[in-house]
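Enquirer: Sharing a structure here in structure tokens format.
Where a number appears in this text, it was derived from the coordinates with a stated rule and is not lab data. Keep in mind it's a predicted model, so treat the numbers as computed, not measured. Virtual Cβ from ideal backbone geometry, glycine too; neighbours counted across all protein chains shown.
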Amino acid sequence: GGGGQLISGPAPKEINSLMSAISGAEGGIESVNTIGEMKGLSEMTIDQAIAKVETLKGEGKTSGAMGRMQHMSQYLRKRAIDAGLDPSTAKFNQENQYKIDRSFLAGQFKGGEQEIVNLMKSGKITDVVAKLRGIWPSLPGGSQENMHTSAFYKRLENFLSKSGVQLPQTPTKPGQQSPQAPSASKSGPQPIQVIPFQQQSQVQPASSGGG
């Protein structure tokens, strides 16, 4: 995937809903892969949070995936800078994770957020998911499906509905692209409660590289 994009102004409702739906199977703002919730992580600067997770990674305790959308620690600094943040002073808090997630998500599509919105409005949400599941492997059809994967489209429709948006079409059977049952594996942190993305966010293991 590509890098992030510097974005200003409020996000389209479709983008906020999509980020909320993805994070529902990824993590909370202080989630660190396989460790769970790491208290105080969101109070640190981005650089401090990365250093903390990298230390644990060196000890074999984590893959390095951190935050609400589980960005890999080795890519997070660049993604923060792409989003217009200074990692040495900006906190790894909900607001800044939102900025990083939003910037990174937009950067995966040549046409940025507008391309994502256009695909969703034209009933091609599965095309969006197909492009993103290499980055967030808990998405339907991804390599790390978990107990929250099968409800992805239901979560998305729920967030969209709360925002007053209806898509022309979404898969009627969530998770249908993957015949095997979602495994409740220990491959990721248990999601903390899903909060609709008003001004919050963050990101997940870019297992396909990126960065």
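Enquirer: Let me check against my output: what whole-number percent is the relative contact order of segment 5-142, with C-alpha pairs under 8 Å and at least 6 apart? Please list the in-between numbers first.
Expert: Numbers: 187 pairs, mean separation 37.0, N = 138.
Reported relative contact order: 27 percent.
Enquirer: To check my understanding: the extent here is largest minus smallest coordinate of the Cα atoms along each principal axis. What are those three numbers for segment 103-144, in Å, largest first?
Expert: Cα extents, longest axis first: 28, 23, 11 Å.
Enquirer: Taking the Cα centre of segment 36-117 as origin and charging only Cβ (+1 Lys, Arg; -1 Asp, Glu), how large is the dipole, in debye to the nearest 20?
Expert: Values: 12 positive and 11 negative charges, 27 e Å.
I would put it at about 120 debye.
Enquirer: Using modelled backbone amide H atoms (1.01 Å from N, in-plane), which distant-in-sequence or interchain residues come within less than 5 Å of His71's amide H?
Expert: Under 5 Å from the amide H of His71 lie the amide H atoms of Met66, Val203, Gln204, each far enough along the sequence or on another chain.
Enquirer: Mind ordering 75-81, 117-123, 20-26, 64-70 by average Cβ neighbours within 10 Å, highest first? The partial results should precede the final answer.
Expert: On the way: 75-81: 21.9, 117-123: 16.4, 20-26: 27.4, 64-70: 30.0.
The peptides rank, most packed first, as 64-70, 20-26, 75-81, 117-123.
Enquirer: Give me the net charge of Glu30's neighbourhood, meaning all other residues with Cβ under 10 Å from the Cβ of Glu30; Lys, Arg count +1, Asp, Glu -1.
Expert: Working: positive: Lys39, Arg68; negative: Glu37, Glu43.
Here the charged neighbours net out to 0.
Enquirer: Enumerate the calculated ³J(HN,Hα) couplings along segment 3-11 in order (Karplus 6.51 cos²θ - 1.76 cosθ + 1.60, θ = phi - 60°), each rounded to whole Hz, writing x wherever the residue is Gly or Pro.
Expert: My calculation for segment 3-11 gives x, x, 10, 7, 10, 10, x, x, 6 Hz in order.
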